[in-house]
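Remarks on the structure that follows.
Since every read-out is calculated from the coordinates, none of them should be taken as a lab result. These numbers come from a predicted model, not from an experiment. Cβ: placed from backbone, ideal geometry, glycine included. Neighbour counts: every protein chain shown.
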Amino acid sequence: MPISPRTPVNDPDVEFAQVDEQENITPKRRLSRGWIILGVVVVCGVVCACVGAYFVYENKVRAPSSSIVSMIQQASGLRLTIKAKRSSMAINGKTTAQVYVVPQATSTSGALQFDAYFNQTGDEVTDTYMLYNQRAYHIVSKEGAVVTASCIDESQVPPAALVESSLNDAQLIDSIESKENIKNCTDGKLMKLQFAGENFAFCFSSTNRLTHATGEDLDIDIEYLSDSSVLPSFDIPQVEGKTLECPVLPPPAPVKTQTLMQTTKAVWKAAIGTPRVLDLGSSSCQCQMEHKKPCLFIHGVGNPFPQGISNSYIFDWGFIHQHAPCCSSTKFVHFETWKRGWDDDSIQNQFCEAALSVSQSNSKTIDDLVLVTYSMGNLIAGSAVAKGKCNMSDKVTWISLAGPMQGSKSGNLLERKCAEGGWNLPLKGLLELVTLCPITDAFLKLKHQTTVSTDIQNKFLAAQAVRKQYATKLMCGSNPLGLTTLYGPVLALVSALTNHGDTNDGVVAFESCYAGFDASSFDTDYRTDGNYLTSVNHLDISFRSGDGWWGSDLVRSPVDSTFSNVEDSIPPKPHRNTLRWIIAAFLVVGAVGITLGAVFIHSTKVDNNASNIVTQIQQTPGLLVTITAKRASMAFNGKLSAQVYVIPRQGSSLTTTLKSSQTLKFDAYMAQVGPNSTESYIYLNDRAYVTSVASNGTFLYASCIGDSIPPVSLMQTSLENAKRVDDVVASSTLKTCVQGQWLHLSFAGEEFVFCNGPNNKLTHASGQDIDLDIEYIGDPTKLPVIEIPQVPFTNGSTTALNCPIATPRTYSASTTKLSTTMSEVLRAATSTPRVATLESSSCQCQMERKPCLFVHGAGNFFNQSLSDTFLFEWGFVYNHAPCCSSIKFAHFETWHRGWTEDSVQEQFCDAALTVSKSNSTEIQDLLLVTFSMGNLVASASVANGKCSFSNDVTWVSIAGPMQGSKTANALEQKCSEGGWNLPLKWLFEIVTLCPITNTFKQLQYQDTVNSALQSQYTAAQAVRQKYATKLICGNSPQGLFTIYSGFMQWASGQSNHDHENDGLVDFMSCSDGFSGFSTDYSSRMNYKPAVNHLDSSFRSGDGWWGADRKPMKWFECALKVASCCLIVMHLNTWLSGWASLGWDTIYVNPTGGVSCRTWLHSTFCSMSSPSEPVLSARTPVGDFDSVEERPQHKKFWTPRVIIGIVVFCGVVCAS
């Protein structure tokens, strides 16, 4: 823009001024070019820095892992010579071993996999440990002949599969710092890696071959073998002439990889030349206490011979006296604990005498002492102090090992088996021989705390309190097999028989061991300062087995990223254009930084790892899913649990993009064994079958299953849309997800939380109504053979059952929007807790409880008085009716009498008035539940004036044929025309369905009957529309999978209903006069479940999956909003006359009918006329979504209503 001169136009200096102005423009251009050049230099510098950082990373940070792996794969084998640095690590008395490692030639996936062989020759036998084809064997031989052979549990096998991932994360280092002599790496380079939780330094040569390694506790020499003839032969052992079959070992949990921040720090150190040193410390520890103390070791139960105090006790404590740097002396007690229990006064006196003597105390107070108590020894010490036999001073350092502070269920097991003879006779004879049977007082007093007398319970609590006050450190075991010893299989058997129900060491559950302490105070790494949860068994904990050769049981936590703030200096005010460039640069850099940060946070804290989870499922031969229902109403074939084998279908593999057109598909198999037969449910190639075989093997039947199968095709979509959460709040006990991540997802309309393990394998899940335990099966031979059922003929031939492709009911699958993802990233970045909530599996009544009357439908043969149960018609609904103060079931004869008959209507009124305790013809306080024709009976009774409803009646209407049913028309037609085949017609004549009775004639569809019956239909509809509170209308003839399913499907096909139906009643007839239905039992609306007519009356309970298959739970929970409606309507009447209360506005309907808007709309709070207020939930008149839709409705703001609500709630809360 030209600059106007300050001087007049005729000023001779004007031209000069213009020249100055032009000259002033020229430097600006030169300045702009300078900044451009500077920008180019900066960009080039950034690029060079990035290239330099990459160069440094490749050459000075990252170890040549791929080349090292390649050299291993090319070798015929490796010979590892392993030397333990600690005597406590001796195996079979030896601290050295040679292990042959053979890379598998059949590893088609490209992953590094091994076979391994290691043997140790003793004085009499040779122990051989072999890993072959991912199976582990232990062979004991003598002079070449196999003595015993067994499988090795996965917990006792080094995680060899982690070698490659450990190598991939290895980083170069310059040196090792150690307090011990280490082998030099003169001709190669050093790299550090972590394997099984422990740090190692490996030396590799210029040819990328590993030469040796050093760790805190182990030294390893590595030799590459090119001659395969020097390798041992891998022969699977034979047991009794058969090849020993061992399970495939599951892959170990993957380790955490290096974070971006850790890699950046390593690159920076290498670039500036900072020495990179691995500190290995020492294989042994020095005492860190102020001074050494005398040590006293107290053993547990099972010592038969009392002795004096000794300086060692190898049988119970191994060589711990050689590994106790904080002990100025070591003393071991020998109490008789075979017969005497921990609460015995004599044994407690012995403890106090020993402790006072060793601590050199002159009073009753134990002085300077390190006290180490094992197993029952913890209870002895705790109880002795609790009884005041001696006291503990603050100078006592107490180490508590495997203490059964709440007792042990193994004690209960021993008592039960000794009494019942539940073990086989040889084993019981052995137990009697060693005097375990009959059980002694020592073991009786160790029974679980919840099963003993009040006196012993109090003693348990007192001992727990003492240990909580004085104990310094605790150690608890978590693996019944523990270290590889003779005790392992025995302890594993004890654990399996005991059913601890918790992590345990074989004998003592973790909950009992840590009683009085916080479970979170335990760590699985021996190097931490906290309490120790170690992967050993009960006997290993007392040090008798020494230490394992590998693994610190280290549970790694995510490394918190560290962010530093960069403080900008304020430069002189730049030229405007320069400032814009700087601001733009900052914005670009900031945007890039934010984007990178968001990507990093999403990948580490938000991403649900769905693709990895699906990959793990696809790669496993099968899964074993154990389903446990939480509600009795969900019993299937009388059982609340089932095991389902799920087999990923071959050929359903996905492309590299998870969300592709191909989906994850399964076959499945479930068998339920009953007292007389076994029911097998098969899902194979998208077809569903059920077969039944008698206990003697006789074929009973086979049939197809329709839509009553879980929508397994939604599993992938549910996983893709799952959200990671930090915690789960549940109203019932929830299995923890210790080493994994919680995923919150929706499946078939219900909410679940899945625990995704560290290796992206789902371990377990919980929903409101079911729990799932998920086991990945690596051995295909452990899976059942799934075949199409064969149907036999009388001539002995069979044919395959031909079923159509099953089409599961569809459910809306929510998708994750970009805004949702951004919100999740923001929450993760700000550390906002992400919590999933699981509601209770049962509901409590939220209204005033009322007496309940259940009225059945057509088809009852006999008149009877009211009863407390009616299992045939209503199942166990009386156990799921929290709003019922009492329950009565009507028994009217409805086989011949129709709903219009006076006698049936009078029976209904008599029953309703009796149950509601009314003194007039008006039914008072009552929760009325009517099923099928019972809805017409109740409605007609009121319409004909035989009785009336008060405002205190809550009416639940179920499957009401309010417009009749075309099934009744079909029945009359077939009975008269003989349309059914003769055998079937003959059967129906036997059960008196043919000729058709008056009951079913009066249930014919409304538009097919005479005008008089049509008028009665209309009157009944008006009564129900006015008074009914909630409705259930089913829409699936098959419904839940029961013996009724096939008949309901057949009846639906014969009836030719015009609309969706439950087999007998179509939805339009059932819902007459009502709207606002939901397929979710947890909604506040009327219920439209995928059940058939008979399922609606609760006799079949609830389905195992799907929010639309739980009629009984809907009934249990549906009335929880009734009191809300009452409050709203009372407020409405008090504040606004006849107005409908909304969230922020009131809509007034001058014609009388009103409806709650927004969230109140779903509660069906409405009134029918301006002259007759109705205070309970009634029929919705309409959803006033806008004023324009109902111009006659007046809209006005309601501060008065808001104040009224606040006052009313205050009064309620005060009350």
Surrounding charge for S633, neighbours by C-beta under 11 angstrom, Lys/Arg +1, Asp/Glu -1, total +2
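Would you mind ranking H500, H891 by Cβ crowding within 10 Å, fewest neighbours first?
Details: H500 23, H891 19.
By the 10 Å Cβ count, ascending: H891, H500.
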Find the Rg to Rh ratio for the stretch 333-424, where Rh is the Kirkwood radius over alpha-carbon pairs and Rg uses the same atoms. 1.08
Residue-wise HN-Hα coupling along the stretch 1022-1037, computed from phi with Karplus coefficients 6.51, -1.76, 1.60 (Hz; x: Gly, Pro): 5, 5, 5, 4, 7, 10, 5, 9, 9, 10, 10, 9, x, 9, 9, x
Using amide H atoms built in the peptide plane, which far-off residues or other-chain residues are under 5 Å from T503 H to H? F510
Long-range HN-HN contacts of V791 with modeled amide H, under 5 Å: T799, A800, L801
Work out from phi, with θ = phi - 60° and the Karplus expression 6.51 cos²θ - 1.76 cosθ + 1.60, the ³J(HN,Hα) of each residue of the stretch 721-731, listed in order in whole Hz, and give x for Gly and Pro. 9, 5, 10, 6, 10, 8, 7, 10, 9, 10, 7
In whole Hz, with x marking every Gly and Pro, tabulate ³J(HN,Hα) for the stretch 118-125 from phi via Karplus 6.51 cos²θ - 1.76 cosθ + 1.60, θ = phi - 60°. 8, 10, 9, 9, x, 5, 10, 10
Quick check on the exposure proxy: order T1018, T921 from fewest to most C-beta atoms within 10 angstrom. T921, T1018
Which of the peptides 470-481, 488-499 is most tightly packed, and how do the rest follow, judged by the mean count of other Cβ atoms within 10 Å per residue? 470-481, 488-499
Quick one: which of 226-238, 164-176 comes out on top by average Cβ neighbours within 10 Å, and what's the full order, highest first? 164-176, 226-238
Over the stretch 293-542, calculate the relative contact order: mean separation of alpha carbon pairs under 8 Å at least 6 apart, over the residue count, as a percent. 19 percent
When 1/r is averaged over all different Cα pairs and the result inverted, which Kirkwood radius in Å belongs to the stretch 896-1055? 17.0 Å
Go through 849-861, 1104-1116 and give me the packing order, highest mean Cβ count within 10 Å leading. 1104-1116, 849-861
Compute the orientation-averaged projected area for the stretch 140-211 from the convex hull of its Cα atoms and round it to one decimal in nm². 8.2 nm²
Using only alpha-carbon positions, what ratio does the radius of gyration of the stretch 443-528 give when scaled by 2.2 N^0.38 Å? 1.20
Starting from the Kirkwood radius over alpha-carbon pairs of the stretch 293-542, derive D by Stokes-Einstein at 10 °C in a medium of 1.306 mPa s and give it in µm² s⁻¹. 87 µm²/s
For the stretch 827-945, what are the per-bin percents of Cα-Cα distances with bins 5 Å wide, up to the bin holding the maximum? 2, 10, 19, 20, 16, 10, 5, 3, 3, 3, 3, 3, 2, 1, 0
Would you list S886, S797 from fewest to most Cβ contacts within 10 Å? S797, S886
